[in-house]
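A.B. asks: First, the structure itself, so that you have it in front of you.
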Amino acid sequence: MQLDKDFWNSRYASGEMGWDIGEPSRPLKEFIDTLTDLGLRILIPGCGSAHEALYLWDTGFRNVHLIDIAPLALERFAQRVPDFPKENLICGDFFQHQGQYDLILEQTFFCALDPSLREGYARHIYGLLRPGGRLAGVMFGVPMNADRPPFGGSTEEYLAYFSPLFQTVRLTPCSNSIAPRNGSELWVEMMR
C-alpha cells in the first residue's frame, strides 16, 4: 500500500475519513485551553480537516502552520476558514519540511504513517522544535492494524523512539477521549 499523496487525497475525495471526528479532539482542546502565549509558532503535521487549527484560530492564535500531503484537505480548510493565511497552508511532505516551532500538535498523523517511518518522525519532530519547544497530542496506545492505517503501538515502543532525543517524555492514558476511542489513546507530551 502506497500511503502517498494520491492515497490520502482519494480518501478526502471519497469521504473515507474515519479518523475525522468533526471537531477538535477533547485531549487537544483541553490542552489548547491551557496555553496563554498567543504568539506561539505552532505546526500541525498531517493536519487533515484541521479542527484543532480552527479552534486555535478562533481562540486568537495567529502563528499556526498546517502541513498535509493531500491538497484536498488544505483546500477544504481554506474554504472553511477564508481568513486563515494561505502562506501557512503547506502542501507537501512532512519529512521535507523545514522550520522552527514552539509547539507541534499531534493528532492522527503518527498513526497514519507507515511504522517504518516512526524513528524518522521522532528525529524530524525534534529538529523542527526550537530548544524548549514541545510536541503534544494523542497517539494510539494499543495494537491496531498491521497492513493499513491506523497503525497502533505501545508506550514501550514510543519511548524507544523519543526518549533518546527529548529531555522530557510523558506518555499517559487519556482520561478524556471520545467514547469510541476510550482506553486506546495516550496523551503524549515531550520537550526538546
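A.B. asks: Kindly list, by first and then second residue, each pair from a residue in the range 103-128 that is closer than 22 Å to Met17 by Cα and touching a residue at least 24 places away in the same chain (Cβ under 8 Å) to a residue that is of a type in the set (S, T, N, Q) and surrounded by 15 or more Cβ atoms within 10 Å (Cβ to Cβ), limited to pairs with Cβ atoms under 7 Å and residues at least 6 apart or on different chains.
C.D. replies: Qualifying pairs under 7 Å: Gln107/Ser25.
A.B. asks: Do we find that Ser163 is free of Cβ contacts under 8 Å to residues at least 12 places away in the same chain, of a type outside the set (Asp, Glu) and touching a Phe, Trp or Tyr at 6+ places or on another chain (Cβ under 9 Å) in this structure?
C.D. replies: So Ser163 does not fit the description; no.
A.B. asks: Tell me whether the range 162-177 contains one or more residues that are part of a helix (DSSP H, G or I), within 19 Å of Phe94 (Cα to Cα) and modelled with pLDDT of 90 or more.
C.D. replies: So far as the range 162-177 goes, yes, one or more of its residues are part of a helix (DSSP H, G or I), within 19 Å of Phe94 (Cα to Cα) and modelled with pLDDT of 90 or more.
A.B. asks: Going by the structure shown, is Val64 touching a helix residue (DSSP H, G or I) at 6+ places or on another chain (Cβ under 8 Å) and surrounded by fewer than 21 Cβ atoms within 10 Å (Cβ to Cβ)?
C.D. replies: no
A.B. asks: Follow-up question, since we're still on this one. Going by what's in this entry, would Leu113 be described as modelled with pLDDT of 95 or more and among the aliphatic types (A, V, I, L, M)?
C.D. replies: no
A.B. asks: Looking at the range 1-51, which of its residues are in contact (Cβ under 8 Å) with a residue 24 or more places away in the chain, within 23 Å of Asn145 (Cβ to Cβ) and of a type in the set (D, E, K, R)?
C.D. replies: Passing the criteria: Asp4, Lys5, Arg11, Asp20.
A.B. asks: Name every residue in the range 1-46 that is modelled with pLDDT of 95 or more, buried (at least 18 other Cβ atoms within 10 Å of the Cβ) and of a type in the set (A, V, I, L, M, F, W, C), in order of residue number.
C.D. replies: Answer for the range 1-46, where residues must be modelled with pLDDT of 95 or more, buried (at least 18 other Cβ atoms within 10 Å of the Cβ) and of a type in the set (A, V, I, L, M, F, W, C): Leu28, Phe31, Ile32, Ile42, Leu43, Ile44.
A.B. asks: Follow-up. Which one of the conditions (1) surrounded by 15 or more Cβ atoms within 10 Å (Cβ to Cβ); (2) over 27 Å from Pro149 (Cα atoms) does Pro85 fail to meet, given that it meets all the rest?
C.D. replies: Pro85 satisfies every listed condition except (1).
A.B. asks: Name the pairs: first residue in the range 53-80 and within 20 Å of Gly137 (Cα to Cα), second residue among the basic types (Lys, Arg) and not in a helix (DSSP H, G or I), Cβ to Cβ under 6 Å, at least 6 apart or on different chains?
C.D. replies: Asn63/Arg41
A.B. asks: For the range 155-172, how many residues are out of contact with any strand residue (DSSP E or B) (no Cβ under 6 Å at 6 or more places or on another chain), exposed (fewer than 15 other Cβ atoms within 10 Å of the Cβ) and not acidic (Asp, Glu)?
C.D. replies: Total meeting the criteria: 3.
The values are calculated or read from the model by the stated rules, or taken from the named source; none is laboratory data. Because the structure is a prediction, the values reported are computed rather than measured. Positions of Cβ are backbone-derived with ideal geometry, glycine not excepted, and every protein chain shown enters the neighbour counts.
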